[in-house]
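Report on one structure; see the data block that follows.
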Amino acid sequence: MAWHDADSWLTLAFAPHPGTLALALLVVIALPILLHAYIYRRRAPDSFPTFLLVGPSGAGKTSLLTLLSHGAPSATHTSSTPTAASLTLPITTTPASSRYRSNNDPSADRARKFRLLDTPGHGKLRHYALSSLTKTSPGGALKGIIFVLDAAALGEDAGAAETGEYLHDVLLLLQKRHTGNKTSKGPAAIPVLVAANKMDLFTALPQSLVKLRLEKAVEEVRKTRGRALKDSGIELSAGDGEEEEREGLADGYEGTFGFKMLEDSDIEVKVAGGSVKGDKGEGADVQEWWGWVAEQL
């Protein structure tokens, strides 16, 4: 029997037979469903977006972690190792990716979940945080950095110097991550939230002054390190492998440092005040921080 005969299997397969049409319809409907189920199940259960919690020791990072994970801050001690927690946005806060999703969409619940990684703030242990900026996060894509500071300590010279130095190092690493990229597309942006904690204290700087004080502190670090580099008298030739070490924060800009100088490196810095423990038992004030996290999800 030739392939073109009326009774051949090839002719029957392409003929408008009810059985053939039913089979084609079944494939068209079932294939997307099966592919979706297969891809969804293959995703790692812990591959949620990650936020890095950094800042000087005593700023309230671990208290913030316990507040967001347990609903209330607990007594903490100085951290010596990183601590991670899986969190979910409050029901009153909607992630940016779910603004147009139906409440019945099963993926909406997953979009509210994220991972928060708390890192030690002591000067000798900050490598945990800084190294996380140069490698892929084990729990998923790094979506943002929450830099927690003590708004009361920032008003003192010692507190401002320590905070400014740490923030300078974080921003410089983010800048190098952008300028050192070898592809045309560039790395995904990692925004920074400066969470000014302890705003309930009488000695805390107002939110507007926190930003100015931080920019001034970072500028002092820029000047000090810039002078040290010039005084060293090191002249590096192109391609000697040490060019990266010469890069300074917001190089090429004249005048006093400001966070807007970092926009060319795709670094967005937002300063928002709040309080983890609250004043006189009135409760925590972290809603603006929750809102920033939701904007990144």
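The values are calculated or read from the model by the stated rules, or taken from the named source; none is laboratory data. Predicted model only: the values in this text are computed from it and were never measured. Heads up, the Cβs are rebuilt from the backbone with ideal geometry, glycines too, and the neighbour counts pull from every protein chain shown. Side chains included, ligands, DNA and RNA excluded: accessible areas come from the protein's heavy atoms. Shrake-Rupley method; radii C 1.70, N 1.55, O 1.52, S 1.80 Å.
Can you tell me which residue among 110, 126 is at pLDDT below 70 and open to solvent by less than 70 Å² (accessible area, probe 1.4 Å)? Steps first, please.
Working: 110 fails: at pLDDT below 70.
Of the residues listed, the single one that is at pLDDT below 70 and open to solvent by less than 70 Å² (accessible area, probe 1.4 Å) is 126.
Would you say residue 201 is in a loop (DSSP other than H, G, I, E, B), aliphatic (A, V, I, L, M), open to solvent by 70 Å² or more (accessible area, probe 1.4 Å) and assigned by TED's automatic domain parsing to the domain that holds residue 60?
Details: in a loop (DSSP other than H, G, I, E, B): yes; aliphatic (A, V, I, L, M): yes; open to solvent by 70 Å² or more (accessible area, probe 1.4 Å): yes; assigned by TED's automatic domain parsing to the domain that holds residue 60: yes.
So residue 201 passes the test.
Exactly one of (1) closer than 24 Å to residue 290 by Cα; (2) in a loop (DSSP other than H, G, I, E, B); (3) out of contact with any Leu (no Cβ under 6 Å at 6 or more places or on another chain) is unmet by residue 149. Its number?
Residue 149 satisfies all of (1) closer than 24 Å to residue 290 by Cα; (2) in a loop (DSSP other than H, G, I, E, B); (3) out of contact with any Leu (no Cβ under 6 Å at 6 or more places or on another chain) except (2).
Every residue, every condition in (1) surrounded by fewer than 19 Cβ atoms within 10 Å (Cβ to Cβ); (2) in a loop (DSSP other than H, G, I, E, B); (3) modelled with pLDDT of 85 or more, yes or no:
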site	(1), (2), (3)
178	yes, no, no
183	yes, yes, no
216	yes, no, yes
226	yes, no, no
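With crowded, with 19+ Cβ neighbours inside 10 Å, among the aliphatic types (A, V, I, L, M) and modelled with pLDDT of 90 or more as the only criterion, which of 174, 193, 117, 209 stands out? Reasoning before the result, please.
On the way: 174 fails: modelled with pLDDT of 90 or more; 117 fails: modelled with pLDDT of 90 or more; 209 fails: crowded, with 19+ Cβ neighbours inside 10 Å.
Checking each option against the conditions leaves just 193.
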